[in-house]
Amino acid sequence: MKKEKICMLPATFAVAVFTCLAAVSSAQSADSLHTKKLSEVVVSATRSDRDPDSVGRSITVISNEQIKNSGANSIAEILSQQEGIYVVGTGQTPGQIQNLFMRGANGNQTSVMIDGIRISDPSSSDNAIDLSELSLANIDRIEIVRGSHSTLYGSAAIGGIINIITKKGMSPGLHADADIRGGVFGKNTSMLSENLFLNYTHKSGFYANGEVYNNHTNGLDATIDTVTDPNNYRHNHRDRDGFTKTDLMGKVGYRNAKLDIFASYKRVDQKSDVDAGAYQDDPAYTVAFGRNLISYGMSYKPTGNFSISCSGGITDMKRTVIDDSSVVDNQGNYNHSYSKGIYKGNTFTQDLQANYKIKGLSLVVGGNYFNEKMTANTYYYSPFYSSRQNLDSLHINVSTLSEYIHLDLDGSLFNKDLKILALGLGVRNTNHQLFGNNLTWEANPSVWVGENALLFASFSTGFNAPSLYQLYAPDQSGSPNSNITRGNPTLKPESSNSIEFGFKQKLNDRLSFHISYFKTVVKNSIDFVYLWNKNKPIDSLSYSDYRGDTYVNIGTQTNQGFEIGVSSTLSRKLSLYGNVSLVNGRLDYDPTDIDASHTQGNLVQLFNNGAFLNKQVQSYNLVRRPSTANLGMSYQLLSRLSLRGELRYTGPRNDVYYDSSLGQNGALATRGMGDYVLVDFSARYRILKGLTAGFRVENIFDEKYEEIYGYTTRGRSFYLNLRYSF
C-alpha cells in the first residue's frame with residue numbers, strides 16, 4: 001500500500017462485486033432478509049427508540065431471524081459479514097482468541113455490550129474482550145453503530161459500539177427453541193453443539209426465560225507445522241487443540257405500556273487448548289475462562305413524552321492459564337517447566353437516564369458510575385529458575401463517574417417546512433479518579449434530500465482509558481536501580497477526533513443503500529516500549545544497558561476509509577446484499593511526546609517495530625486492518641426450501657512476528673499476508689411446522705490462507721443442524 005492511499009480491492013473482484021450490486025436497481029418489491037423493516041427501532045445510536053433509517057449515523061441492526069438464517073456458528077462470523085469490521089481468528093480452530101477491529105481502531109477501542117452493559121476483561125493487558133467468549137444464544141438482535149460514540153458510552157468507543165440485546169417477553173404462552181448442530185472442518189475434527197431456550201410469558205406482562213448452550217469441539221492443531229524431519233519428535237506428535245464451552249442464562253421481567261423491569265444472570269464456562277506461539281506447538285497449554293454476569297434494568301414511562309430508566313450490571317471473570325511440562329523427544333524426556341497464572345477481573349456499572357420527547361425534539365440526560373478491578377497470581381518453575389507473584393495486596397481498581405446529555409432536533413420544532421433538517425448534539429464529562437475530567441462531544445447534522453434519502457455528517461471526539469494492567473502492573477526488569485515498573489500511572493487516556501460524511505437511501509422497500517467516508521485521528525496512543533541506558537549511544541548498547549519495559553503515551557494513529565453497503569430483493573424469491581470496506585492507517589511517533597517522568601529520560605525503543613525514538617518515525621499499513629468485501633444471496637427455491645450463498649473477500653494486510661535480531665531483546669517485525677476469498681453455501685428445509693433442518697458448507701473451494709502468521713485456519717467445512725421451535 002502506498003503512503004496516504006486507500007487500499008483498493010483487486011480489479012477483478014471489485015468489478016464482480018459492483019456488477020452484482022448494480023443489479024439491485026431493477027429490484028421488484030418484496031421482503032428481504034437483509035432489508036430493515038420500518039417497525040424496527042435502534043436504541044444504541046441515540047439511547048432512545050429511533051427508526052434506524054432516520055438516524056444520521058452508520059448503523060446496522062441484525063435481527064434474531066437473520067442470525068438463524070445465516071447458519072453462522074459464532075458471533076465473530078456474523079460480525080465479519082458487516083462493513084467496517086474485521087475479526088481476527090474467525091477462521092481458526094474454535095476457541096482461539098478472536099480480536100475485533102472496527103474502522104481500523106484497535107481491538108480495545110470498540111465497546112462491546114450486552115443490554116447496554118460493557119463487557120471487557122479488566123485483568124488482560126489491554127482490557128479488550130475475546131469474542132470467542134460470546135455465543136449466539138439468547139440474542140434478540142445486535143445493534144452496531146460505527147464511529148466514535150464516547151459521548152453516550154464513555155471509554156472504549158472510538159471505533160464504535162456493538163450492543164447485543166437479549167430476548168425479553170414474547171406472546172402469551174409457553175415457547176421453546178431447541179437446536180442441535182454438528183460438523184467437521186478438517187481431518188479428525190468434529191464439532192457438536194446443543195442449545196435449548198425456554199420462555200413463558202403471561203398475559204399480564206410477566207415473563208421468564210432460560211437457556212443453555214453447550215459446545216464440544218475436537219479441533220485442528222492451532223499452529224502450522226513446519227517441521228519436515230520425519231524423525232523429529234514434534235513432527236510425529238503434533239497436538240490437536242480442542243474447545244469446550246457451556247453458557248447458562250436466565251432472565252425474568254415484567255413489562256406493560258408504562259413499566260419495563262428485568263433481572264438476568266449469565267454464566268460462561270469454557271476451556272481452550274492453545275499453543276505457545278506462531279509455529280510453536282504445545283501439547284500441555286490450556287486456558288480456562290469463566291464469567292458471571294448479573295444485569296438488571298427498569299424503565300418507567302409515566303407519560304407519552306417522558307421516561308426514566310435505571311440499569312446496571314456486575315460481572316466477575318476468572319482466567320486460568322496453565323502450561324504444564326510436556327515430552328520433547330523420542331526418549332520420553334520432559335522439558336521440566338511449569339507455569340500457572342490466575343487472572344481475575346470485576347466490573348460494576350450503574351446508569352441512570354431520563355428521556356423527554358416532543359414533536360421535533362428528543363432529549364436524553366444521564367449519569368454513569370463504572371468501577372473495575374483486577375488481580376493476578378502467577379507461578380513459574382524450571383530446574384534453573386522459579387518465581388511467584390501475587391497482586392491481591394495491591395487492590396488494583398479504578399472508578400469513573402460521568403454525566404452526559406444528548407439532544408436531537410429537527411426543523412419541525414420551528415417550522416413544518418424545515419422538517420427535512422435535523423441536528424444531534426451531545427456532550428459528556430467523565431471524571432476518572434486517576435487523570436481527572438475528560439470532556440467529549442459530538443455534532444451530527446443531517447438533511448433529507450429526497451424521499452427516504454438522508455445525507456448526514458458526524459463530528460465527534462472520543463477517548464479510551466488505559467487498562468488497569470497498563471497503569472499498575474508492578475513487574476520490573478532491567479537494572480534494579482532504575483525502579484521503573486511496567487505499569488505507568490502517569491499515562492493519559494487516548495483521545496480521538498473523528499469525522500464522517502455519509503448518505504443512505506431506502507427505495508420503496510426494494511433497495512437499501514448507504515455510503516460513508518470516515519477519518520479518525522487518535523492522539524496519545526499507548527505503546528509498549530523497551531528502555532535503555534540514556535548515557536550510551538544506540539549503536540553501542542549491550543544487554544547490561546537494559547532499563548526495563550513499560551507503557552507510554554507516544555504517537556498519533558490515523559485511520560480513514562470508505563464503506564459501501566447495498567441490500568435489495570430482485571424478486572419475491574431472490575434477495576441480494578453486498579458491502580465493501582476500504583481502510584488504511586498510519587502511526588506517527590515523535591520523541592518530543594515522551595513523558596520522561598516515568599521513563600527517567602532513558603532511550604525508548606518501540607516493541608512493535610524495534611525503532612528507537614531518537615527521531616520522528618512513521619509506520620504505515622497498520623497490522624490486521626485489511627479492506628474487505630462481502631456478497632450474499634438468498635433464494636427461496638421451494639416453499640419449504642431456501643438456499644443461501646456468501647462470498648467473503650479479505651484484502652492484503654500486515655501481520656507481526658517476534659524477530660530476535662531487532663536489538664538486544666528482539667521486537668516485533670511485520671510481514672505481508674496475502675488476500676483470500678471464501679465461498680460458503682447453506683440450505684434450510686422446513687420439515688414440519690416449527691421443525692427445520694439445515695446444511696452448510698464453508699470454504700467450498702478449500703482455500704488455503706492465514707489470518708494470523710503461523711496459525712492454521714479451517715479448510716472445507718460441513719455442518720448439519722436440526723431446529724425445533726414453538
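With 0.36 nm allotted per residue and the present C-alpha distance subtracted, the Asp140-Ala276 stretch has 45.2 nm of extension available. Measuring r between the beta carbons of Ala208 and Leu720 and using R0 = 35 Å, the FRET efficiency lands at 0.65.
For the range 565-631, state which trypsin sites (Lys or Arg not before Pro) are in a DSSP loop and have at most 16 other beta carbons lying within 10 Å of their beta carbon.
Arg572, Lys573, Lys615
According to the square roots a ≥ b ≥ c of the eigenvalues of the Cα gyration tensor, what is the shape class of the range 87-181, taking rounded for a/c under 1.5, prolate for a/b larger than b/c otherwise, and oblate for the remainder?
Oblate shape, in that a/c is at least 1.5 and b/c is the bigger or equal ratio.
If you roll a 1.4 Å probe over the chain with all protein chains in place, what percent of the accessible area is carbon or sulfur? Write down the numbers at each step before the final one.
On the way: 17400 of 30770 Å².
Ligands and nucleic acids excluded, carbon and sulfur give 57 percent.
Between helix 11-22 and the chain there is an angle of about 20 degrees, using the helix long axis and the longest principal axis of the Cα atoms. Separation of the range 703-726 from the range 306-383 is 27 Å, based on Cα centroids.
Listed options for Rg/Rh (Cα atoms, Kirkwood Rh) are [x] 1.02; [y] 0.96; [z] 1.22. The value calculated from this structure is the one marked [y]. Computed over the range 478-585, relative contact order equals 30 percent, with contacts defined as Cα pairs under 8 Å that lie 6+ residues apart.
Remark: spin-label model distance Ser393-Tyr334 equals 3.1 nm, labels positioned 7 Å along the Cα→Cβ axis. FRET efficiency for the Phe681 to Asp324 pair, using the beta carbon distance and R₀ = 35 Å, is estimated at 0.25. The charge dipole of the chain, taken about the Cα centre with unit charges on the Cβ atoms of Lys, Arg (+1) and Asp, Glu (-1), comes to about 1960 debye, rounded to the nearest 20. A full extension of the chain between Asp417 and Gln476 corresponds to an added length of 14.6 nm, given 0.36 nm per residue minus the alpha carbon distance.
Give me the 1.4 Å probe accessible area per residue for the range 311-438, excluding ligands and nucleic acids, in Å².
54 Å²
Distance between the C-alpha centres of the range 184-245 and the range 67-100: 14 Å, rounded to the whole angstrom. Protein heavy-atom accessible surface, 1.4 Å probe, per residue over the range 163-242: 47 Å². At full extension, Gln664 and Glu403 could sit 89.2 nm farther apart than now, given 0.36 nm per residue minus the alpha carbon distance.
Residue-wise HN-Hα couplings along the range 522-537, as the Karplus relation 6.51 cos²θ - 1.76 cosθ + 1.60 with θ = phi - 60° gives them from phi, are 10, 9, 6, 4, 8, 10, 8, 9, 9, 10, 10, 3, 5, 9, 10, x Hz; Gly and Pro carry x. Of all stretches in the chain that contain no GluC sites (Glu not before Pro) in a DSSP loop with at most 10 other Cβ atoms within 10 Å, the longest one is 5-450. Average accessible surface for the range 600-726: 47 Å² per residue, computed with a 1.4 Å probe over protein heavy atoms with every protein chain in place. FRET efficiency for the Thr592 to Lys187 pair, using the beta carbon distance and R₀ = 51 Å, is estimated at 0.40. The string of couplings for the range 64-75 from the Karplus curve (6.51, -1.76, 1.60, θ = phi - 60°) is 4, 5, 5, 4, 4, 5, 5, x, 5, 9, 8, 4 Hz, one whole number per residue in order, with x for Gly and Pro.
Here the spin labels are modelled as points 7 Å beyond Cα on the Cα-Cβ line, and at Asp225 and Lys301 they lie 6.0 nm apart. The chymotrypsin sites (Phe, Trp or Tyr not before Pro) of the range 305-410 meeting both criteria, a DSSP state outside H, G, I, E and B (loop) and at most 11 other C-beta atoms within 10 angstrom of the site's C-beta, are Phe384. Per-residue ellipticity at 222 nm from helix content only, as computed over the chain with -39500 (n - 2.57) for each DSSP H run of at least four residues, stands at -1500 deg cm²/dmol. Be a star and scan the range 309-327 for residues whose amide nitrogen sits under 20 Å from the point 7 Å along the Cα-to-Cβ vector of Tyr380. 319-327, by backbone N distance to the label point. Is the range 145-229 best put as rounded, prolate or oblate by its Cα gyration tensor, with a ≥ b ≥ c the root eigenvalues, rounded for a/c under 1.5, and otherwise prolate when a/b is larger than b/c, oblate when not? It is oblate, given that a/c is not under 1.5 and a/b is not larger than b/c.
The values are calculated or read from the model by the stated rules, or taken from the named source; none is laboratory data. Computed from a predicted structure; not experimentally measured. Every residue, glycine as well, gets a Cβ built from its backbone with ideal geometry; the counts of neighbours run over all protein chains shown. Protein only, heavy atoms only, side chains kept; ligands, DNA and RNA dropped before computing areas. Shrake-Rupley method; radii C 1.70, N 1.55, O 1.52, S 1.80 Å.
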